[in-house]
1. What are the residues in segment 1-42 that are acidic (D, E) and either crowded, with 18+ Cβ neighbours inside 10 Å or within 14 Å of C63 (Cβ to Cβ) (or both), if any?
2. Could you grab the pairs with beta carbons closer than 9 Å, sequence gap of 6+ or different chains, first residue in segment 165-188 and closer than 18 Å to D145 by Cα and small (G, A, S), second one modelled with pLDDT of 80 or more and exposed (fewer than 12 other Cβ atoms within 10 Å of the Cβ)?
3. With respect to R93, is the statement that it is modelled with pLDDT under 95 and under 24 Å from T5 (Cβ atoms) true?
4. Taking the stated definitions as given, is L116 out of contact with any Pro (no Cβ under 7 Å at 6 or more places or on another chain), outside any strand (DSSP E or B), more than 20 Å from V150 (Cβ to Cβ) and free of Cβ contacts under 8 Å to residues at least 24 places away in the same chain?
5. Out of all the residues in segment 88-102, which are part of a strand (DSSP E or B) and crowded, with 16+ Cβ neighbours inside 10 Å?
6. Give me a count of the residues in segment 133-189 that are within 17 Å of C94 (Cβ to Cβ), of a type in the set (D, E, K, R), more than 17 Å from the chain's Cα centre (by Cα) and modelled with pLDDT under 85.
7. With segment 1-62 as the region, which helices (runs of 4 or more DSSP H) entirely inside it contain at least 2 residues that are more than 20 Å from L118 (Cα to Cα) and modelled with pLDDT under 95?
Amino acid sequence: MSSPTSKIRNQPKTWTRTEYLVSTDTSLIPIQTLNTWYAGEEFYWAKPMPEPALRETIQNSLCFGLYHNPSQSEKSPENGISSSKLEFVGFARCVTDYTTFLFLTDVFVLSSLQGLGLGTWLVTCVQEVIETMPYLRRSLLLTGDWKRSVPFYEKVMDMELMVCNPPVDGKDAVGFAVMQRKSWGAPGFGGRP
């Protein structure tokens, strides 16, 4: 019998929505494209890294690739996905021990596709996997975008502010918002065992 942890690690999960697909299969992630994103202004919180280091980072993380898949009817026998037909359009990465802790980072959707609900769907897929971790103590994230990201993660992932320099006297908040969502493995959490 396999544990929820081994299923998350060893059995890639896939979600589909119209012409889009989210997958935890890291073999589908085009490393060069991701590194190009890391080098861009929109990905302001990260920098590109040598491809072997990025590949290792991806392999050691729980990753969610968002893909445009106009021909979902064409599937490969190996994993059911024709990777040659996929256009990489979004990404989310979780640093996790797969049991008690998860740190969400690198959430990104191409600017040309923002506003279509794809980012919400991507993060909802992340949250769906988080919900399968029965011993998770907490999930965390950092964001510097107070106006959009803080309300977004409060709504989509039920996150709450943990440490911050909140807005004062009508001025914008300063610094990063540290957010967490305590979960089943946290002391004093009244949810599921």
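1. Listed by number, the list holds a single entry, D25.
2. Pairs found: A173/K147.
3. For R93, the condition - modelled with pLDDT under 95 and under 24 Å from T5 (Cβ atoms) - is not met.
4. Criteria met by L116.
5. Answer for segment 88-102, where residues must be part of a strand (DSSP E or B) and crowded, with 16+ Cβ neighbours inside 10 Å: F88, V89, G90, F91, A92, R93, C94, T96, F101, L102.
6. 1
7. On the way: elements: 4-10, 31-39, 51-59.
Where helices (runs of 4 or more DSSP H) fall fully within segment 1-62 and carry at least 2 residues being more than 20 Å from L118 (Cα to Cα) and modelled with pLDDT under 95, they are 4-10.
The values are calculated or read from the model by the stated rules, or taken from the named source; none is laboratory data. Model, not experiment: these values are computed from the prediction. A quick note on method: Cβ atoms are made from the backbone with ideal geometry, for glycine too, and the neighbour counts reach across all protein chains shown.
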